[in-house]
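Q: Right, I'll just put the structure down here and ask away after.
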Amino acid sequence: MRQRQRADRDFYRTPKDCVLLADKLMDSSLSWWECCAGDGAISSNLDKITYASDIYPMVDGIEKLNVLTCDKPKDVDAIITNPPFFAINEILDRALFEWKIPILLLCRIEPLSTKIRNHYTKFISDMHIVSDLIKFQTEDGRVVNGNGTMRCAWMLFSTEKQSYTKTKWVTYEKNNNFF
């Protein structure tokens, strides 16, 4: 059996229905930055996002910027992203401890329970667990079940330690009626 060659960078487009689940966690008084925008699936569907960037922008309107090495853009109060898995720790460190701004991430829940990531869980104020299987589309058109055996969630991290996390299960339908 022949194995598929991995691309230099894997890209997983965030489905619109999943993107829209983030809206209720976003404070509308903040200026939001999508720092790993790729093709702009998040920023093109959420009006609260005022700035979008990526190390490899895929469409016009997304600035070329590496969140792991850049200065924080001016007039940015918070971050939202579906980050590359390898960069989650560094993005959280920059947002929470260097820039001291909230961050809303779409990521798998279980990896946060590992020894190296567990300390971040103390900063989650809200977590909306996506009960539906998220189907991410790759750059070459393949569909990947993002949840696999792990649940994905929109997690809102605060710059202050939290005494508890408000957790909610969320789902969507094709007509975008949310529960």
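Q: Tally up the residues in region 9-49 that are at pLDDT 90 or above and part of a loop (DSSP other than H, G, I, E, B), please.
A: Residues that pass the stated criteria total 22.
Q: Is there a residue being at pLDDT 95 or above, in a strand (DSSP E or B), touching a Leu at 6+ places or on another chain (Cβ under 8 Å) and farther than 18 Å from Cys18 by Cβ anywhere in region 124-143?
A: Yes; the residues of region 124-143 include at least one that is at pLDDT 95 or above, in a strand (DSSP E or B), touching a Leu at 6+ places or on another chain (Cβ under 8 Å) and farther than 18 Å from Cys18 by Cβ.
Q: Ok, one more. I need the full set of residues from region 48-63 which are surrounded by fewer than 20 Cβ atoms within 10 Å (Cβ to Cβ) and within 16 Å of Leu104 (Cβ to Cβ), in order please.
A: Lys48, Thr50, Tyr51
Q: Is it the case, given these coordinates, that Val67 is within 15 Å of Trp32 (Cα to Cα), of a type in the set (A, V, I, L, M) and in contact (Cβ under 8 Å) with a residue 24 or more places away in the chain?
A: For Val67, the condition - within 15 Å of Trp32 (Cα to Cα), of a type in the set (A, V, I, L, M) and in contact (Cβ under 8 Å) with a residue 24 or more places away in the chain - is met.
Q: If we scan region 159-166, do we find a residue that is modelled with pLDDT under 70, outside any loop (DSSP other than H, G, I, E, B) and loosely packed, with under 15 Cβ neighbours inside 10 Å?
A: So far as region 159-166 goes, no, none of its residues is modelled with pLDDT under 70, outside any loop (DSSP other than H, G, I, E, B) and loosely packed, with under 15 Cβ neighbours inside 10 Å.
Q: Taking region 26-43 only, how many residues are surrounded by 22 or more Cβ atoms within 10 Å (Cβ to Cβ) and of a type in the set (S, T, N, Q)?
A: 1
Q: To continue, here is another question. Can you find a residue that is more than 22 Å from Val19 (Cα to Cα) and modelled with pLDDT of 95 or more anywhere in region 85-92?
A: yes
The values are calculated or read from the model by the stated rules, or taken from the named source; none is laboratory data. All figures in this text were calculated on a predicted structure; none of them were measured in a lab. Positions of Cβ are backbone-derived with ideal geometry, glycine not excepted, and every protein chain shown enters the neighbour counts.
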